[in-house]
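What follows is a single structure, written as structure tokens, with notes after it.
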């Protein structure tokens, strides 16, 4: 079987790749029956020469390969019919801007596997860039704090070589006495936690966080059952919440009263209660003045996230009174960091980490009869039709 590491063609350019040269060499060693070809790219974080040096064929034409492996959406005009494709298609939530892409894949008889649909039986994702989003997003939050309050000047992550350099920059700063709330317990939140722990910020319990004053920076990691509660007053259940959150309401306000900086690392599901609304943000007790919204659900559960920001211009302000965007350092504004492609700022580390997960979970499935059902669960399209698991997308495909 022939696998192609394809060139990223989406704009703005994305320098990430699924396999670093070293990890691809590992894949070749583990699976001698597999052939790996690299499509030439002038933007990839690892140059063509690094793949050539390890004996990989680098070419402009990968049309003879069976499986195409990329990161971001492939432009419709570059899709090769009758192939298997792996990339983030951003279609499984019926994103309107990519409907035509899914239609085109069906028309071109493409077998589509989305990185987001590569999951365990339980539905938990097996691969992703979540950790790196958490790392970069939290660093960016502190960068915003330093710039806004004239405390320190952290360089942009994209100017640093790797995670080690990111952490070395953090070693140079001194934080004021602030309280930080981190929501979530998944890969994104754990990436965020890595930064907070590197800064040696003290982690405290919910009870202490909500009732005490401190003489040093502290943080709390709040799970969904802490910031959401059942409407009927009964004890909540996490699995029940994930299945159907409609019986729950926000319990975020006690945190908002005690928090200076909010790092949003949670996953937000359909019909879940908003964490805080525009009305909540107007409350005189609402104390949050900086939000690093890594989850970045626009106009959703975090009211101050009016839009996604960019790596070039990562910060803006939210004026709670007017509900409008203002300068990120405007008086009494909530400073917002809501970059939606954070791992792009750390392409080398993100690519290396992603390749490790892909080699462990996906490539073996092609050679062991898919014994864990990974490919079967991940497949969105086959023979010009949606698979049963993704048949809910039919109305979206039909433009209804």
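Checking the conditions here, which among 173, 201, 180 is in contact (Cβ under 8 Å) with a residue 60 or more places away in the chain and surrounded by 12 or more Cβ atoms within 10 Å (Cβ to Cβ)? Even if it seems obvious, please write down each step before you answer.
On the way: 173 fails: in contact (Cβ under 8 Å) with a residue 60 or more places away in the chain; 201 fails: in contact (Cβ under 8 Å) with a residue 60 or more places away in the chain.
Unique residue meeting the criteria: 180.
Listed by position, the helices (runs of 4 or more DSSP H) contained in segment 217-259 that have at least 3 residues being at pLDDT 95 or above and surrounded by fewer than 18 Cβ atoms within 10 Å (Cβ to Cβ) are 253-258. Within segment 30-62, if we keep just the residues that are under 30 Å from the mean Cα position of the chain (by Cα) and part of a helix (DSSP H, G or I), the residue that is surrounded by the fewest Cβ atoms within 10 Å (Cβ to Cβ) turns out to be 49. Do the conditions hold for residue 381, that is, is it in contact with a helix residue (DSSP H, G or I) (Cβ under 6 Å, 6 or more places away or on another chain), modelled with pLDDT of 95 or more and not assigned by TED's automatic domain parsing to the domain that holds residue 294? When the stated conditions are applied, residue 381 passes them.
Would you pick out the residues in segment 161-199 that are farther than 15 Å from residue 139 by Cβ and not in a helix (DSSP H, G or I)? Can you show your working first?
The initial filter retains those residues of segment 161-199 that are farther than 15 Å from residue 139 by Cβ, namely 174, 176-179, 181, 183-187.
Those that are farther than 15 Å from residue 139 by Cβ and not in a helix (DSSP H, G or I): 174, 176, 177, 178, 179, 181, 183, 184, 185, 186.
Looking across segment 134-160, the residues that are out of contact with any helix residue (DSSP H, G or I) (no Cβ under 7 Å at 6 or more places or on another chain) and not in a helix (DSSP H, G or I) come down to 149, 150, 156. Taken over segment 362-400, the criterion of being outside any helix (DSSP H, G or I), free of Cβ contacts under 8 Å to residues at least 60 places away in the same chain and surrounded by fewer than 13 Cβ atoms within 10 Å (Cβ to Cβ) is satisfied by 368, 369, 371, 398, 400.
Filter segment 299-344 down to residues that are under 25 Å from residue 73 (Cβ atoms), in contact with a helix residue (DSSP H, G or I) (Cβ under 8 Å, 6 or more places away or on another chain) and either without any contact (Cβ under 8 Å) to a residue 60 or more places away in the chain or in a strand (DSSP E or B) (or both), then give me how many there are. Qualifying residue count, segment 299-344: 2.
The values are calculated or read from the model by the stated rules, or taken from the named source; none is laboratory data. Remember, predicted model here, so these are calculated numbers, not experimental data. Cβ sites come from the backbone with ideal geometry, for glycine too, and all protein chains shown count toward neighbours.
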